[in-house]
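Chemist: Below is one structure. I have some questions about it.
The values are calculated or read from the model by the stated rules, or taken from the named source; none is laboratory data. All of these numbers come straight from a predicted model, not from anything done at the bench. Here the Cβ positions follow ideal geometry from the backbone for every residue, glycine too, while neighbour counts run over all protein chains shown. Side chains included, ligands, DNA and RNA excluded: accessible areas come from the protein's heavy atoms. Shrake-Rupley method; radii C 1.70, N 1.55, O 1.52, S 1.80 Å.
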Amino acid sequence: MDRRTRPLHVLMVEDSPNDAELIVRAMRGLATPVEHRRVSSEQAMRDALAAQVPDIILSDFALPGFSGEEALRIAKERVPDTPFLFVSGTIGEELAIEALQQGADDYVLKDNLRRLPSAMDRALRAAGERADRMRMAEALQESEERFRSIVESSLDWIWEVDTTGRIVYSNEAVRDILGYGAREVLGRNMLDLLAPASRAAVEALIPQHMIGSNRWRRRRLHFLDRDGATRILLSNARSLHDGAGHVLGFRGTHHDDTERLAQDAKIRQLVRIHTVLSAFSTHVLRATNRREVLDRACAIAVEQGGFRAAAIATRLGPVRDGEELLDFVASHGDPEVLRCIARGEPVPIHPGGAFHDFPGAVALREKRMVKVEDFGKSDFPPAVVALLQQAGAHSEVVLPLGDAPWGFLMLLSDTVQRVDEEETGLLQRLARDIAHACDFLEQSERLEFLAYHNPVTGLPNRAEFRQSLPALLKNAGSLVVAIVDIQGFGRINDSRGRAYGDALLRLVGDALAGVASNAFVAHPESDAFLVAYPAGPDNAIQASDRLDTFLHTLGQLPFVVDNETVYLGLSAGIALAPLHGDDGESLERHALAALAEGKQRRLRVLPFNEDMRGRAARRLELERDLRRAIDNEEFVLHYQPKFDGATQRLLGAEALLRWRRTDGTLVSPADFIPVLEETGLIVAVGRWVLRRALLDATRWRDRHPSIRIAVNLSARELRSADFIEAYGAILGPHAGDQPIDIEVTESLLMDDVEHSTHLLDRLRDLGCRVAIDDFGTGYSSLNYLARLPADEIKIDQSFIALLAQSPETMGLVTNIITLAHSLSLQVVAEGVEEEEQAKQLRLLRCDAVQGFFYGRPMPAADFTARFFN
């Protein structure tokens, strides 16, 4: 409690009651009520101090059997922080000076007690200041210990160098990264640890970093570890300065990115093969003959798979006794390689033949995949290796085609490539797909079959279903039309492979025929089936109950594929014909709407009803109004101001989209923004927001040269094919002095970190600053902060709301701010609504703040009037 609101506790060491009364009267000059206790002996003083610590001690200098010097010694021993004043009539100047040297705060002569209140007040203030300084010193020490613990436990190499590059500080993380202990690198020059190429690049950049305040982020550097192996580190650093602004050195972090890059390379390699598989599968559906399939397979492998050359050879069979030939029927890629490999005439592969020892002949003969990761280290004959290396091929994969191989696919690369088990599986799947496609296309009737049937299950497809529906409805009078979906089929397909998934789909298709004796089962796509059967006297509820019972029973039955048992969950949406429509398109659409709502409500089966039709109609109406709003320019921007956390200076604003209808009413963003996202209209609207915000920011910069406007980036915009081109066209002219910041939510970035990183780098090249919005609500991974090209993070308002009530939230926000600053990131707190929150954020050194406490979102005109007029 503040001493101004409670009595001041005074201990008087005084043997004279009369003198004590005079002292009490003199203390009435204080602004605070006084409670006092008088003692006159050593034991009485010790007892008083044990009972209560006084706010101040007043002592006579000369006492019978007990001196003021002894009283001072006891006070400093028992209550060293309590002010001590001598109030005496028998103290000389020399004794007074000696008393002050021993720890007394002041002395007052009894014949001048008018001076007592001011002397006491001065001593109390001095004691309070000493206590404040001590608390501050303890807090500082605790903070330093906390920061030191964070630094020493970091997995990143945290370092500091002087202007010559000599390392003057390093944490122990360097041992895990380069194999050197922290003490081993102290005194060494950082440049000596770099690989030659990176050293030259860094030396060229040092002069520009020595001028003024500077920093770098996410600079990729190659280091050599203790064993001479290359480690790739992401470097983040900033310059250190003295009081005159001269650069003293640099402090920063190195994040070991070696393993991630190796993993990324592997992922890219797998994606490359996935792309080939996907493109080939798409092409197979359009191919009309076997030769077209083989030619396109080679072209896709080169153009989308990144191989230098690809060729397919087929076996011609024995021409004469003991003679076997290959004919290269398709090829694509580097002509130099193909001239050496894919000859224009048949080549002999029998024993003694010129190509008997080539990888393709071995794969065909031994009916296995042949992988040559590096011809320079392979066991193939020197003549074979020399020919392939001369053509520019350094690695090769050969895949037999067909169970009893009738040919092979040969893929050549101009770099050394390691093919692991996962990529081997994908390549083998490609070979199976090529062989499978050729087998299909050898039968001309298959083309007609594929036009009306699903190629996986052989069931009628969507076209056949819609064509057959009128006859089914005419014969039955009324139909139940259900869309049945397999729950979690994607995970099964991904974990066990497409062949397993295809076999499972065929079993499910067969099982669904049991829903009724005369059920018509179609397989329009993926894991969805259409089932139509006579409704009889059933209404929608009865039909739903019957199907629910059937699907429940089906879910209890095991499906066995490749001797492996799996149980499936099935869900369905129902439409009745002709009640809900008499054509295939409308019935499928209504059943699909019921399926979607049933999944949301966790129901196995749900029939379509008129409420769904109404919601669909309202949804279509809102979408139509939004399209009209775009044409009529009904959207407006409101701006919420953003301020410096310490100085309260205006920094800029966040642009927020609002929809004002022609009648003047505002539509809540929660109602229309999800529809913009779902329909893809957000892309066009987002670019309008960017242009409008840029126009306002440019106009305001005439009055506030450093103002910046933040624009939110949606998921649809970030993933649009022409994202960079469109943003470049809008922002490019202002790249040199860009007033626009881009805010991206944390969860959106984490969906695809590498792709997001690439796009954000391009935005920063356009001069934009990048902020991670809603930080802490998604993956909350500070590990990614060192990799993402961000300039600031925005702490989500859900944390700010609890800042003043929850110590745990206070600790979390403190750590976020501390670690973000250590990564040279600015921190913005959003949703500040109370003065106490603003005060706490100021103490935590939060860089910027925004929220209703500082200003609500407002139209551009109001923003101008408030801040610039």
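Chemist: Tell me which of these VAL456 doesn't satisfy, since it passes every other one: (1) touching a Ser or Thr at 6+ places or on another chain (Cβ under 9 Å); (2) under 30 Å from GLN428 (Cα atoms); (3) among the hydrophobic types (A, V, I, L, M, F, W, C); (4) not in a helix (DSSP H, G or I).
Modeler: All conditions are met except number (1).
Chemist: Taking ALA735, is it open to solvent by 60 Å² or more (accessible area, probe 1.4 Å), at pLDDT below 90 and either within 15 Å of VAL770 (Cα to Cα) or not in a strand (DSSP E or B) (or both)?
Modeler: Details: open to solvent by 60 Å² or more (accessible area, probe 1.4 Å): no; at pLDDT below 90: yes; either within 15 Å of VAL770 (Cα to Cα) or not in a strand (DSSP E or B) (or both): yes.
When the stated conditions are applied, ALA735 does not pass them.
Chemist: Which residue pairs have Cβ atoms under 8 Å apart, sit 6 or more places apart or on different chains, and have a first residue in segment 67-82 that is under 15 Å from ASP15 (Cα atoms) and free of Cβ contacts under 8 Å to residues at least 60 places away in the same chain and a second that is part of a helix (DSSP H, G or I) and among the charged types (D, E, K, R)?
Modeler: Partner pairs satisfying both residue conditions: GLU70/GLU42; ALA71/GLU42.
Chemist: Can you tell me which residue is nearest to GLN487 (Cα to Cα) among those in segment 557-586 that are without any contact (Cβ under 8 Å) to a residue 12 or more places away in the chain and in a loop (DSSP other than H, G, I, E, B)?
Modeler: Looking at residues that are without any contact (Cβ under 8 Å) to a residue 12 or more places away in the chain and in a loop (DSSP other than H, G, I, E, B), I get PRO558.
Chemist: Determine, yes or no, whether ALA721 is assigned to a helix (DSSP H, G or I), small (Gly, Ala, Ser) and out of contact with any strand residue (DSSP E or B) (no Cβ under 9 Å at 6 or more places or on another chain).
Modeler: Numbers: assigned to a helix (DSSP H, G or I): no; small (Gly, Ala, Ser): yes; out of contact with any strand residue (DSSP E or B) (no Cβ under 9 Å at 6 or more places or on another chain): yes.
It is false that ALA721 is assigned to a helix (DSSP H, G or I), small (Gly, Ala, Ser) and out of contact with any strand residue (DSSP E or B) (no Cβ under 9 Å at 6 or more places or on another chain).
Chemist: Quick check: is even one residue across segment 691-707 among the small types (Gly, Ala, Ser), in contact with a strand residue (DSSP E or B) (Cβ under 9 Å, 6 or more places away or on another chain) and open to solvent by 60 Å² or more (accessible area, probe 1.4 Å)? Give the steps one after another, and end with the answer.
Modeler: Of all residues in segment 691-707, those among the small types (Gly, Ala, Ser) come to 693, 697, 706.
Those left that are additionally in contact with a strand residue (DSSP E or B) (Cβ under 9 Å, 6 or more places away or on another chain): 693, 697, 706.
Remaining after also requiring open to solvent by 60 Å² or more (accessible area, probe 1.4 Å): 706.
Yes, segment 691-707 contains a residue that is among the small types (Gly, Ala, Ser), in contact with a strand residue (DSSP E or B) (Cβ under 9 Å, 6 or more places away or on another chain) and open to solvent by 60 Å² or more (accessible area, probe 1.4 Å).
Chemist: Condition (residue is in contact (Cβ under 8 Å) with a residue 40 or more places away in the chain, under 21 Å from ASP583 (Cα atoms) and buried (at least 19 other Cβ atoms within 10 Å of the Cβ)) applied to segment 501-517: is it met by at least one residue?
Modeler: No: segment 501-517 contains no residue that is in contact (Cβ under 8 Å) with a residue 40 or more places away in the chain, under 21 Å from ASP583 (Cα atoms) and buried (at least 19 other Cβ atoms within 10 Å of the Cβ).
Chemist: Still on this structure, I have one more. Is it the case that segment 748-764 has a residue that's outside any helix (DSSP H, G or I) and over 27 Å from ALA262 (Cβ atoms)?
Modeler: Just the residues of segment 748-764 that are outside any helix (DSSP H, G or I), to begin with: 752.
Imposing the further condition that a residue be over 27 Å from ALA262 (Cβ atoms) reduces the set to none.
Within segment 748-764, none of the residues are outside any helix (DSSP H, G or I) and over 27 Å from ALA262 (Cβ atoms).
Chemist: Please go through (1) surrounded by fewer than 12 Cβ atoms within 10 Å (Cβ to Cβ); (2) assigned to a helix (DSSP H, G or I) for ARG687 and return the number of the only condition it doesn't satisfy.
Modeler: So the condition that ARG687 fails would be (1).
Chemist: What pairs come out if I take residues in segment 599-613 that are at negative phi and pair them with residues that are β-branched (Val, Ile, Thr) whose C-beta lies under 6 Å away, six or more apart or interchain?
Modeler: These pairs meet every condition: PRO607/ILE574.
Chemist: Looking at segment 521-540, can you tell me whether even one residue there is farther than 18 Å from LEU459 by Cα, assigned to a helix (DSSP H, G or I), open to solvent by less than 40 Å² (accessible area, probe 1.4 Å) and modelled with pLDDT under 90? Explain how you work it out, then say what you get.
Modeler: Taking segment 521-540 first, the residues farther than 18 Å from LEU459 by Cα are 534-540.
Remaining after also requiring assigned to a helix (DSSP H, G or I): 540.
In the following step, the residues that additionally are open to solvent by less than 40 Å² (accessible area, probe 1.4 Å) were identified as 540.
With modelled with pLDDT under 90 added as a condition, the list becomes 540.
Yes, segment 521-540 contains a residue that is farther than 18 Å from LEU459 by Cα, assigned to a helix (DSSP H, G or I), open to solvent by less than 40 Å² (accessible area, probe 1.4 Å) and modelled with pLDDT under 90.
Chemist: Okay, next question. Within segment 308-408, which helices (runs of 4 or more DSSP H) (wholly inside it) include 2 or more residues that are over 25 Å from ARG291 (Cα atoms)?
Modeler: Working: elements: 335-341, 359-366, 382-390.
Passing ranges, in order: 382-390.
Chemist: Name the one entry in ALA31, ALA62, ALA44 that is within 60 Å of the chain's Cα centre (by Cα) and open to solvent by 20 Å² or more (accessible area, probe 1.4 Å).
Modeler: Working: ALA62 fails: within 60 Å of the chain's Cα centre (by Cα); ALA44 fails: within 60 Å of the chain's Cα centre (by Cα).
Going through ALA31, ALA62, ALA44 in turn, the sole match is ALA31.
Chemist: Check LEU551 against each of (1) within 21 Å of LEU473 (Cβ to Cβ); (2) out of contact with any helix residue (DSSP H, G or I) (no Cβ under 8 Å at 6 or more places or on another chain); (3) in contact (Cβ under 8 Å) with a residue 12 or more places away in the chain and name the one condition it does not meet.
Modeler: (1)
Chemist: Please work out which residue is nearest to the chain's Cα centre (by Cα), limiting yourself to segment 392-414 and to residues that are touching a residue at least 60 places away in the same chain (Cβ under 8 Å) and open to solvent by 40 Å² or more (accessible area, probe 1.4 Å). Break it down stepwise before answering.
Modeler: Keep residues of segment 392-414 that are touching a residue at least 60 places away in the same chain (Cβ under 8 Å), which gives 392-393, 401, 405-414.
Imposing the further condition that a residue be open to solvent by 40 Å² or more (accessible area, probe 1.4 Å) reduces the set to 406, 414.
Working: TRP406: 48, ASP414: 35 Å.
Here the residue is ASP414.
Chemist: Can I ask one more? Hey, ALA572 hits all of (1) open to solvent by less than 80 Å² (accessible area, probe 1.4 Å); (2) modelled with pLDDT under 85 but one; which does it fall short on?
Modeler: Here ALA572 clears every test but (2).
Chemist: Is it the case that segment 643-655 has a residue that's free of Cβ contacts under 8 Å to residues at least 60 places away in the same chain, surrounded by fewer than 19 Cβ atoms within 10 Å (Cβ to Cβ) and within 29 Å of the chain's Cα centre (by Cα)?
Modeler: No, segment 643-655 contains no residue that is free of Cβ contacts under 8 Å to residues at least 60 places away in the same chain, surrounded by fewer than 19 Cβ atoms within 10 Å (Cβ to Cβ) and within 29 Å of the chain's Cα centre (by Cα).
Chemist: A further question follows. Would you check which residues across segment 366-391 are within 13 Å of VAL416 (Cβ to Cβ), open to solvent by less than 70 Å² (accessible area, probe 1.4 Å) and not hydrophobic (A, V, I, L, M, F, W, C) and list them?
Modeler: The answer is ASP374, GLY376, SER378.
Chemist: Same structure again: From ARG856, ARG845, grab the single residue that is within 22 Å of GLY252 (Cα to Cα), basic (Lys, Arg), out of contact with any His (no Cβ under 7 Å at 6 or more places or on another chain) and not in a helix (DSSP H, G or I). Let's see the steps before the verdict.
Modeler: Details: ARG856 fails: within 22 Å of GLY252 (Cα to Cα).
Matching residue, one of ARG856, ARG845: ARG845.
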